[in-house]
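As C-alpha cells, the structure follows; a few thoughts come after it.
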Amino acid sequence: MALLGAAVALGANFLSPRGLRLTRDYFPNDRHSSAKLATTNAATAQAAGKSVSPAEELARRLRERGIGLLGIDQVSQSFQDPRCAQNLIIFIDARSDGDYVKGHIPGAYQFDYYRKENHLGTVLPACQAAQQIIIYCNGGNCEDSELTANLLQDAGIPAEKLFVYGGGFSEWATKSMTVETGQQGSGQILSSEQKLSGTGGADK
C-alpha cells in the first residue's frame with residue numbers, strides 16, 4: 001500500500017503544472033548560511049588555537065582531569081603553611097636524579113616519571129596521607145609534572161588533592177626561594193644569598 005501510494009503521488013506531481021521539481025534546491029539560503037557558519041567556526045577555532053598559550057593549554061588539559069594548576073604565589077603560600085611540616089601538604093619533584101640532587105624544593109619527594117618503579121613505594125603512601133599534593137618539574141615545556149599527576153590519579157589518588165606547579169623548579173629558583181640540595185631531608189639548604197653568590201655551603 002505504501003509503495004502504491006508513493007507511485008500515485010509521484011505520478012500526480014509529474015502531471016501537475018504546479019508540481020514540485022525534485023531536482024530543485026528549495027533552500028539555497030539555508031545551505032549558504034550553513035556553509036558560511038561552518039567556515040566561520042573553522043576560522044574561529046583556528047584563530048583560537050593560535051592564541052592559546054602553553055600555560056592555558058596545560059590548564060585546559062589538567063582541568064579536564066579535575067587537577068589544579070598553581071602559580072608561584074599559591075605554591076609559596078602552601079610551602080609556608082604549617083601543614084607542610086606535618087606532611088599534609090607535600091611536594092613531588094618529577095625530575096631526574098641528577099637535577100633533584102642539584103637542588104629541589106626543601107622536603108620534596110623525588111619521583112622520576114621515567115623510573116617510577118623506584119619511587120612508587122615511597123610516594124604513594126605519602127600521597128594517600130596528604131591533603132594537598134603539589135607536583136613540579138622544570139617548568140616551561142616540561143610535561144613530566146603533568147604525566148606524574150595523571151599517573152598518581154590513575155593509581156587512585158583523588159584529583160582534588162593533586163596540583164601541578166606550572167612554573168616549576170626554574171621559576172622557584174629564580175624567585176629567591178630556598179633550595180635543598182642532596183637527598184630529601186639532607187638539611188643542605190641554600191638561602192637566596194648563597195644562590196646569588198654561588199656558594200654551596202649548607203645552613204644547619
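The values are calculated or read from the model by the stated rules, or taken from the named source; none is laboratory data. In this text the structure is predicted, and so the values were computed from the model without any measurement. We place every Cβ from the backbone using ideal geometry, glycine too, and count neighbours over all the protein chains shown.
Can you tell me which residues in the range 61-111 are under 19 Å from the mean Cα position of the chain (by Cα), over 17 Å from G140 (Cβ atoms) and either at pLDDT below 95 or among the β-branched types (V, I, T) (or both)?
Filtering the range 61-111 for residues under 19 Å from the mean Cα position of the chain (by Cα) gives 61-75, 90-95, 111.
Keeping just the survivors that are over 17 Å from G140 (Cβ atoms) gives 63-68, 73-74, 90-92, 111.
Within the range 61-111, I67, I90, I92 qualify.
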Inset, instruction - Considering only residues that are of a type in the set (A, V, I, L, M, F, W, C) and out of contact with any strand residue (DSSP E or B) (no Cβ under 7 Å at 6 or more places or on another chain), look in the range 69-87 and name the one that is nearest to S186 (Cα to Cα). - result: A85
Inset, instruction - Please work out which residue is nearest to R63 (Cα to Cα), limiting yourself to the range 165-183 and to residues that are in contact with a Cys (Cβ under 9 Å, 6 or more places away or on another chain) and not hydroxyl-bearing (S, T, Y). - result: G168
Inset, instruction - Find the helices (runs of 4 or more DSSP H) located wholly in the range 139-204 whose residues include 3 or more that are among the polar types (S, T, N, Q) and either closer than 23 Å to A129 by Cβ or at pLDDT 90 or above (or both), and list them. - result: 144-154
Inset, instruction - Please list, ordered by first then second residue, the pairs with beta carbon atoms under 6 Å, 6 or more apart or interchain, first in the range 143-160 and under 19 Å from E57 (Cα atoms), second in a helix (DSSP H, G or I) and hydroxyl-bearing (S, T, Y). - result: D144/Y113; L147/Y113; T148/Y113
Inset, instruction - Find all pairs meeting these conditions: Cβ atoms under 6 angstrom apart; at least six residues apart or on different chains; first residue within the range 166-192 and within 25 Å of D73 (Cβ to Cβ); second residue acidic (D, E) and exposed (fewer than 15 other Cβ atoms within 10 Å of the Cβ). - result: I189/D203
